[in-house]
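Just so you know, all these numbers are worked out from the coordinates, no wet-lab data involved. Just so it is clear, the model here is predicted, and its values are computed rather than measured. Every residue, glycine as well, gets a Cβ built from its backbone with ideal geometry; the counts of neighbours run over all protein chains shown.
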Amino acid sequence: MAGSSGGGSSGGKKKARIEIIPLIDVIFFLLATFVLFTLSLNKSSGVAGINQPASETGDAKQASEATISVTEAGLIAWNKDFISLAEFIERLKAFKASDPDGKILINGDENALFNAALYVFDEARKTGFQKVYIETKVHQAGK
């Protein structure tokens, strides 16, 4: 059987076939990869657009924490809600009353004025919070 087409129809051209099953497998693999990637993103409770400074050490966020954002323009936000300085003091006192051992995370832009972040830090300490932290993004060692 020299010249045989290997089990196809006798003497004609082979028709091209599109296999759907491998295509579906690839689509599901890409979908699963996308879902796992988006679930692994670390979401901050601060205001969007804050460019945090890098740090080589850090801890995961807990439920009993409040995030206070200081923008580059010096505006203050409490868990994504922009507030005035007077409202900031009121919310600090209310948070202290509801959770005496709560944590305060300062989520400041790396270009924010140091004085604005220091104000937030001082007011949190005056209210009685002992756990006041600076929220940063992870900086890989050696880079």
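Quick notes on this one:
- Pairs, first under 14 Å from K126 (Cα atoms) in the stretch 77-102, second assigned to a helix (DSSP H, G or I) and basic (K, R), C-beta under 7 Å, six or more apart: none
- Selection from the stretch 94-120 of residues that are of a type outside the set (A, V, I, L, M, F, W, C), surrounded by 12 or more Cβ atoms within 10 Å (Cβ to Cβ) and closer than 15 Å to T67 by Cα: K96, D99, G102, K103, N107, G108, D109, Y119
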